[in-house]
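None of the figures in this text is laboratory data; all of them are computed from the coordinates on show. Bear in mind the structure is a predicted one, so any value in this text is a computation, not a measurement. Here the Cβ positions follow ideal geometry from the backbone for every residue, glycine too, while neighbour counts run over all protein chains shown.
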């Protein structure tokens, strides 16, 4: 087996880091004292999270790698998407797969398809090969909880990389509260506006909100990717409406039921890297004119039901996703002739899913806290694909249609055992049973598919020790599990000049993860450090029909591929978040970052060229205080990463250089009850050309983002 190791990328990022570091040092020298950074000594390690254990546990004492973004932190950011809010979380990368309007999350090197996206604890599914885009109105988000690493025991299939739970806002404390705001983005000549009305009347609470945004082609520095300063094919827009109705009842007010509904509509263009246009291809364009999401969810929670039954949680939901996708390929068959052949592929599909979860929290003994639950998901996809030359011939080929579904039922249990002094052992297990069916297909090669059932058992085990002052030590073993998508099983994908066939014989992907960590909080110093190791098996990848030996007998004139369980992956690394408030000041230097190595193994080659930077992160200096009687803050920081390289089996080696950007953000609040808030971000101040990975569009150049929020 051949081993390929990338060269050291640090030498490519050092010059930019030196310049950015100098600017940071100069600004640090100008800091001043101010008001206390956090009220009542509360830090982000004290934040309560549910996602790590499905019980209320602080980040400090959580056995899993958990990050929480609260409302205050999110309101200081000015991103156009929820995904961008997570860019600086250790181990997390934001990818868009060439479509800037369709941002997705990658965790610890795992593709976005291997990350579970939840909204209020309910899964958003997407059967594309790229994963689930995070398409939620940022102004309607109360908090975001992230688990880094496999979490399939508690949060269902797909959670090999991790889980992102987006918790939306409820009603306000007073009868009527109106919020409105807007953001301007110079890097896309874009804007975003939103408004909401919310409140609580008696036992009822409510919230109704809407948002709209529109972005043009992004501005990037002249260089490798453009000579005009604008990146063609990077415009996008969204609109969103949502509603929440809740009711509190019971003699002790310990029961709560809510209905949530939302609609999100998106259109997005797609950028093509000119370097990938290899003859005979002379042009390739993708358009995503429609991706509409509609969802209705029902939630119930009862607490302190009895001395044994501590909580009961029930939820159910129904959602639909309608998508339209087109791509056009221009080919010059003979380089000596100007004749160009244009082919257009139109894909239209509807993804419908419904299901729910029931969970009961039990406490039979003061030292044990147990949860048990059931989960059901019915996930179906109706897809239609048609390919034809342009202009269309007199007889247009009939589209290929498929109607398939995956039904999953699973049972899970977890026990938290507080034993000895300062020790807690958390053990969990989940059993999955899936049933895959193909109700209809126009493909004669799959019409005899009789369906398939699969069972799988996954476990997790965590240990936490809190016997050292202000310190938590932890260790965790967890397993991940993901079924193939319906596209990978049954659908033919035509991209550029090649075709990728679905494979009904695909097996589920699995992974095993081990990690150790330490958290410390005292004297103004906060540390959260994690070391992790993960092995994944039966990875689904694209293999040539010649290497696999079995492909349908069509599209014989195109390069032909088929999905196959051919890959394994080994990933290890360190994640770190540190901040220290200088004594007697509110100046806080901080750093968040990841060192990671990821090795992919194919049939004939093993490589570290896996499109993953060895080092990535952010370091900076925050200040909070008062100016002219107003609460204000500032944040000067550098984002940076070392080079990335990528090599698929049999493909060429590609590299992207390391990069660093210098950024400054500031903001504040004023007015009665701080009803007016603003924030301004100066991004990529040195106007550096960069591209984070091959899964992301080149970064925006020097730009300004300005946000104003009002609450009445």
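Counted over segment 437-593 with a bin width of 10 Å, the fraction of Cα pairs per bin, in whole percents, is 9, 25, 22, 16, 14, 10, 4, 0.
Could you state, as a whole-number percent, how many of the C-alpha pairs of segment 238-334 are farther apart than 24 Å? Result for the distance tail: 54 percent. The mean of 1/r over all pairs of different alpha-carbon atoms in segment 380-478, once inverted, gives a Kirkwood hydrodynamic radius of 18.5 Å. Histogrammed with a bin width of 5 Å, the alpha carbon distances of segment 34-165 distribute as 2, 11, 21, 24, 21, 12, 5, 3, 1, 0, 0 percent, first bin at zero.
Highest mean first, the peptides 330-339, 147-156, 538-547 sorted by other C-beta atoms within 10 Å per residue fall in the order 147-156, 538-547, 330-339.
Pop out the Kirkwood hydrodynamic radius of segment 137-276 from its pairwise C-alpha distances, inverse of mean 1/r, in Å to one decimal. Intermediate values should be presented prior to the final figure.
Numbers: mean 1/r = 0.0544 Å⁻¹.
Final number for the Kirkwood radius of segment 137-276 is 18.4 Å.
Computed with the Debye formula from one identical point scatterer per Cα of segment 287-403, without solvent, the log10 of I(q)/I(0) at q = 0.11, 0.12 Å⁻¹ comes to -0.62, -0.67. Note on segment 554-602: Kirkwood hydrodynamic radius from all Cα pairs is 15.8 Å, rounded to one decimal.
Assuming R0 = 35 Å, what is the FRET efficiency of residue 142 and residue 372, from their Cβ-Cβ distance, to the nearest 0.05?
Approximately 0.80, to the nearest 0.05.
Relative to its residue count, the chain spans a Cα convex hull of 165 Å³ per residue. Computed from the Cα positions only, the extents of segment 565-635 along the three principal axes stand at 66, 21, 16 Å, in decreasing order. Segment 129-171 gives an Rg/Rh value of 1.02, both radii derived from C-alpha positions and Rh following Kirkwood. By the count of other C-beta atoms within 10 Å, a proxy for reagent exposure, 417, 595, 659 are ordered fewest to most as 417, 595, 659.
Spin-label pair residue 603-residue 251: with each label point 7 Å from Cα along the Cα-Cβ axis, the two points sit 7.0 nm from one another. Each label point was placed 7 Å from the Cα along the Cα-to-Cβ direction; for residue 326 and residue 535 their separation is 4.9 nm. Measuring r between the beta carbons of residue 706 and residue 420 and using R0 = 51 Å, the FRET efficiency lands at 0.40. Highest mean first, the peptides 625-635, 51-61 sorted by other C-beta atoms within 10 Å per residue fall in the order 51-61, 625-635. Dividing the helix sum by the residues of the chain, where each DSSP H run of 4 or more adds -39500 (n - 2.57), gives a mean residue ellipticity at 222 nm of -1500 deg cm²/dmol. Computed from the Cβ-Cβ distance with R0 of 56 Å, the FRET efficiency linking residue 686 to residue 445 stands at 0.55.
How high is the relative contact order of the chain, in percent, counting Cα pairs under 8 Å that sit 6 or more residues apart?
On the way: 2020 pairs, mean separation 92.7, N = 712.
Dividing the mean separation by the residue count of the chain yields 13 percent.
Along its three principal directions, the equivalent ellipsoid of segment 428-480 from the Cα gyration tensor extends over semi-axes of 47, 11, 6 Å, largest first.
The smallest convex shape that holds all Cα atoms of segment 213-259, its convex hull, gives 119 Å³ per residue. The DSSP beta bridges internal to the chain are antiparallel in roughly 95% of cases.
Full extension of the chain segment joining residue 558 with residue 505 gains 16.8 nm, where the gain is 0.36 nm per residue of separation less the Cα-Cα distance.
Of all alpha-carbon pairs in segment 561-712, indicate the percentage at a distance above 28 angstrom. The partial results should precede the final answer.
Values: 4751 of 11476 pairs.
It works out to 41 percent of all Cα pairs.
Computed over the Cα atoms of segment 185-245, the ratio of the radius of gyration to the Kirkwood radius (Rg/Rh) comes to 1.31. When only alpha carbons of segment 91-200 are considered, Rg and Dmax amount to 16.1, 46 Å.
Model label sites at residue 390 and residue 411, defined 7 Å from Cα along the beta-carbon direction, differ in position by 5.4 nm. What whole number of Å gives the distance from the Cα centroid of segment 101-173 to the Cα centroid of segment 482-528? Here the answer is 12 Å between Cα centres.
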